Amino acid sequence: MSTSLAWDQRYSGGEFQFGDAPNDYLRAQSWRFRPGMVALAVGDGEGRNGVWLARQGLAVTSLDWSSIGVAKAREFAAQHGVPLDAQHADVTQWYWPEARFDLIAWIYLHLPPEDRTIATAGCLRALKPGGLLVLECFTPAQQGRRGGGPKIPELLWSREIVEREFAGLDVLELTVGAVRLDEGPRHQGLAEVVRAVLRKA
């Protein structure tokens, strides 16, 4: 199982492990976002998604359990001249505020099932009415591919997991299939993913 120390080691080099551009699916949803929206990027690593959201005029909290990743996210935000509330925290232990966020970006955050349930419950608590959750994660079909993703099967997502963990949210989009990733050295090539846009009533 990956640990925060393992991620610290991955992020300790100068290169962005997943590139410095935002996730393509998140960027494709930009028509849904408005300046001034309050956003949370969970498992944001070196800050590529959080900083991009901040550059769109959103007020962003970036959350990751790697202290090295968080430090790089803060530096990345400073380079772009945007505010970013980058916090070093475990999503299973973080205080999830009530109805605070207009948008939560859950991009390639893979957790053990019991931890995933804690974090998804936190998302449901923290979304405002009308708030959006944008998700992209690897599915079991990714196993054996070189494009990235967890080697432990229970960390992977599926359409059914999305529907179960976020039951009660309205489904605006929910697709499963192959996409081509070009996100730094760790996400390259054809990948099998689930993508979702969900909205709190």
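All of 104, 118 fail the test of being of a type in the set (Val, Ile, Thr) and over 17 Å from residue 44 (Cβ atoms), apart from 118. Screening residue 110 on (1) surrounded by 15 or more Cβ atoms within 10 Å (Cβ to Cβ); (2) under 22 Å from residue 37 (Cβ atoms) shows it passes everything except condition (2). Taking residues in the range 22-48 that are over 21 Å from residue 119 (Cα atoms), and partners anywhere that are modelled with pLDDT of 95 or more and not in a strand (DSSP E or B), the pairs with Cβ atoms closer than 6 Å and at least 6 places apart or on different chains are 22/49; 22/52; 33/56; 35/57; 37/58. Starting from residues that are among the aliphatic types (A, V, I, L, M) and more than 22 Å from residue 118 (Cα to Cα), keep the ones in the range 64-107 and report whichever is surrounded by the fewest Cβ atoms within 10 Å (Cβ to Cβ). By that ranking, first place goes to 78. Summed over the range 45-62, residues that are modelled with pLDDT of 95 or more and either assigned to a loop (DSSP other than H, G, I, E, B) or in contact with a strand residue (DSSP E or B) (Cβ under 6 Å, 6 or more places away or on another chain) (or both) total 11. All of 141, 119, 99 fail the test of being touching a strand residue (DSSP E or B) at 6+ places or on another chain (Cβ under 8 Å), under 20 Å from residue 36 (Cβ atoms) and of a type outside the set (Lys, Arg), apart from 99. Of the set (1) part of a helix (DSSP H, G or I); (2) touching a residue at least 60 places away in the same chain (Cβ under 8 Å), all apply to residue 105 but (1).
Taking the range 125-142 as the range and being buried (at least 19 other Cβ atoms within 10 Å of the Cβ) and assigned to a helix (DSSP H, G or I) as the test, the residues that pass are 126, 142.
The values are calculated or read from the model by the stated rules, or taken from the named source; none is laboratory data. The shown structure was predicted, so the numbers you read here are calculated from the model rather than taken from an experiment. A quick note on method: Cβ atoms are made from the backbone with ideal geometry, for glycine too, and the neighbour counts reach across all protein chains shown.
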